[in-house]
Amino acid sequence: MKTSKASLVIKLIVCVAVLAVAVLIGFLAGVFSTDALKEIKFDFTALLKVVVMACSVIAVEALLSLLLSLPNPKNHRLRTLLSIISSLLKYVAFIVILCWGLTILGVNVSTIVASVGILALIVGFSAQSLISDVVTGAFMIFENQYNVGDIVEVDGFRGTVTNIGIRTTSITDPGDNVKIVNNSAMKNILNRSDKLSRSVSEIAIPYGTDLEKLENEIPGLMERIYAGRTNVFKAPPKYLGVQALADSSVVLKFVVNVDEKDIYSGARLLNRDLLLGFRSLGVECPFPQVDVHTDKN
């Protein structure tokens, strides 16, 4: 989840400390007593009660968020639900503090809610994007379009979904760059975690190589490569044939099925194993050479 466990612990400790100090002051000043300081009940008493209430709600929210961050389930769907609940807790805490605080201060919240119909309409029009983000996010969760832990590509940005909130989705690329996208902008998503991906390798051989003999030896080479890479490769690599006839070499193409998270490392491993494998078969990969001709005259 986006919020670190350390920050949640600090948040919880601060709230509990403020709560303890406020309660102590309340008891020392008699705020929570029905017999003392009644003359300042409207000001100091109400204000102190609001502080105690707010710190209590925030502490409960921080504690619940901390508990939700402790498990690290492998199931992407469960991780998504935990992320959504953690995000929802912040909004619920804010609403509870606002309504409860107004009630403590003596404000009739129900009357305010009933009398702000026009204001609510104006705010509704101005908050269309917010409503769109929330509704779109809900539909994406219900339709299971992507989950926390999935590797997705959005507008050319490829990364792992690290957090799904009520309004936004956070995507982190391999360089730890985080892109935060409004849920309503999560369109044309390419979810690369749905199926296995393919790592591709192209390797060149000299024109003088006996291609038919080499192709007969390739299946055995593929099995040996797979036997040493079962932790990354999902099946033996496949030889697809001659990819190109280059200026000084014949280019052969190979592919192997891997998880999306291993697509780049899989290509690097396949390149290495093919190079060493071809050398073991007596086939050396060509490299550019320059012929220099001198005029003896």
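The values are calculated or read from the model by the stated rules, or taken from the named source; none is laboratory data. Being a predicted model, the structure only gives us computed values, none of them experimental. All Cβ positions, even for glycine, are placed from backbone atoms using ideal geometry, and neighbour counts span all protein chains on display.
Considering only the range 231-239, I want to know if a residue exists there that is more than 17 Å from residue 278 (Cα to Cα), among the polar types (S, T, N, Q) and within 24 Å of the chain's Cα centre (by Cα).
Step one: filter the range 231-239 for residues more than 17 Å from residue 278 (Cα to Cα), giving 231-235.
Narrowing further to those that are among the polar types (S, T, N, Q): 231.
Cutting the leftovers down to within 24 Å of the chain's Cα centre (by Cα) gives us 231.
Yes, there is a match, as at least one residue in the range 231-239 is more than 17 Å from residue 278 (Cα to Cα), among the polar types (S, T, N, Q) and within 24 Å of the chain's Cα centre (by Cα).
For every residue, the table says whether it meets (1) touching a residue at least 12 places away in the same chain (Cβ under 8 Å); (2) more than 23 Å from the chain's Cα centre (by Cα); (3) under 30 Å from residue 92 (Cβ atoms).
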{"site": "181", "(1), (2), (3)": "yes, no, yes"}
{"site": "189", "(1), (2), (3)": "yes, no, yes"}
{"site": "192", "(1), (2), (3)": "yes, no, no"}
{"site": "256", "(1), (2), (3)": "yes, yes, no"}
Subject >> The listed residue being aromatic (Phe, Trp, Tyr) and modelled with pLDDT under 85, out of 157, 142 >> reply: 142
Original post:
Taking the range 266-289 only, how many residues are farther than 21 Å from residue 214 by Cβ and at pLDDT below 90?
Top reply: 2
Original post:
If we scan the range 73-83, do we find a residue that is under 23 Å from the mean Cα position of the chain (by Cα) and among the β-branched types (Val, Ile, Thr)?
Top reply: yes
Subject >> Spans of strands (runs of 3 or more DSSP E) in the range 143-190 with at least 1 residues on the phi > 0 side of the Ramachandran plot and acidic (Asp, Glu) >> reply: none
